[in-house]
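Below you'll find the structure, written out as structure tokens, and then a few comments.
Bear in mind that the values in this text are calculations on the coordinates, not laboratory data. From a predicted model like this one, the values you see are computed outputs, not experimental measurements. When we count neighbours, we look across all protein chains shown, and the Cβ atoms used for this are built from the backbone with ideal geometry, even at glycine.
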Amino acid sequence: MMTPPAKAELWDIRRFVIPVTALVCGIILAWRMPFGDPFLTFAFCGVFALHMFRRPGQVELAATLTGAALLSWARLAGFRWGDTITHGVTLPGISLGLSSLLVIAASTAWCAPEDRPGRLRSAAVALAIPFFVCLSNLGLQLTAWLHPLTYDGFLYAFDTTLGFEPSFMVGEFLLRARWLRDICEITYNAVPLLIAVVYALHAHRRKNAAGLSLLLSCGVAGVAGFLLYHLLPAAGPVYLFPAEFPRLVPAVPQLRTMGLANRLAPRDCMPSLHFAWALLLCWNARSLPAWVRVLTGAGLGLTALATLGSGQHYLVDLVVAVPFALAIQTACSPRTGSDAVGAHPFDENSTRRAKRRVVFMASATVVLWFGLLRFSQVLYQAHPATNWFIVSATVAASLLLKRSLARNPSTSQPASQRRCLPELVHPQERA
């Protein structure tokens, strides 16, 4: 009877199998991956940033740069040149991210057994960001296939009741300020990189479970937003009026579902996930240094301009994204100090009730907005003067709820309840 191999022997085999497998997969991905997606590019840049926050040694850094050069060569050797400008920007970013994943996999296989759990968690976080972006791209293609008819006319009609058309106004402004348009476009696509940087800063400072809360919030927001896309599918004014946007504001079309000239346009308007992610970044950067808060705040403003000016969203998409992000943030926030062992039952129950109340009210607001836009067109068109009040009340109430929850003294988590984050400090620096 054959005896099973010892655990140490298994890891000796994996020390060779894991790096070789990762290298083969990396070369295949570098050859076949669509490099024209800037969102995916910044996701892999986020992987590289996470790797650099670990402060790798000289050998590990040299291996990363060498691997990036080899992956870039593998891509170019496949005669998949495409647009020279696009490859000049995306090829280094994706190659550095893929190479970082390969080096992280190899270092995990070859590290000391006591360091392996932390390395595995770091590898899982690094892999999660580009994997989620690739999965979301497939999901967006699915929305176009499942919903040939959209509700763009309904969303456009609501925006016009505000007295102007925000998307057209911002789009025309960005046409004149091309430098600002380029900055907005970069910020719009750099959301995965910002998420990785804010997470790494939390993990490096060992600040509670804020880093894991950010990743969880952004992931849940992506899944919930994808499900909501199917309830009110819309693509944006640039697809509804491709010839007119942004210089000519057309009349309100007949309120009915309609097809679009671009049948492959993703139905990802309601709610705006980019704006929701930017809000989550701001809220999760409150405990970080001032420059990070300024960076995320500027990113929020530029993302708002980008979503409107690109013609991929209506103003109402951004409005609904505020209570949507609040519900996600509150539901995914880390365990509070009231959950600590020995906490007073009254504090524990009151904090949980406060969080549940915020989640319920924010979720109910999102549901009411979907019902208003899809089934109550006569109501908001008959009383356009009240629409500004509804918009202002939604944003103000959401921010007040967020502020009241942040001021709750029981929501500060003690050190005894801090959750272990993936290690971002090089093991040699701990000695």
Could you state the number of Å between the C-alpha centres of segment 123-138 and segment 288-314?
22 Å
Under the Karplus relation with 6.51, -1.76 and 1.60 and θ = phi - 60°, whole-Hz ³J(HN,Hα) for segment 371-384, x at Gly and Pro, equal x, 5, 6, 8, 10, 10, 5, 4, 5, 7, 7, 6, 10, x
If R0 is 41 Å, what FRET efficiency do you get for GLN141 and VAL59 from their C-beta distance, rounded to 0.05?
0.50
Distance in nm between VAL294 and PHE164 label points, each 7 Å along Cα→Cβ, equals 2.9 nm
If each of LEU231 and ILE186 carries a label point 7 Å out from its Cα toward its Cβ, how far apart are those two points in nm?
3.7 nm
Could you derive backbone 3J(HN,Hα) for segment 156-161 from the dihedral phi with the Karplus parameters 6.51, -1.76 and 1.60 (θ = phi - 60°), listing whole Hz in sequence and x where the residue is Gly or Pro?
5, 5, 5, 4, 5, 5
Would you mind ranking ASP317, ASP182 so that the residue whose beta carbon has the fewest other beta carbons within 10 Å leads the list?
ASP182, ASP317
LEU149 to ALA396: extension gain in nm, 0.36 nm per residue of separation minus the Cα-Cα distance?
85.6 nm
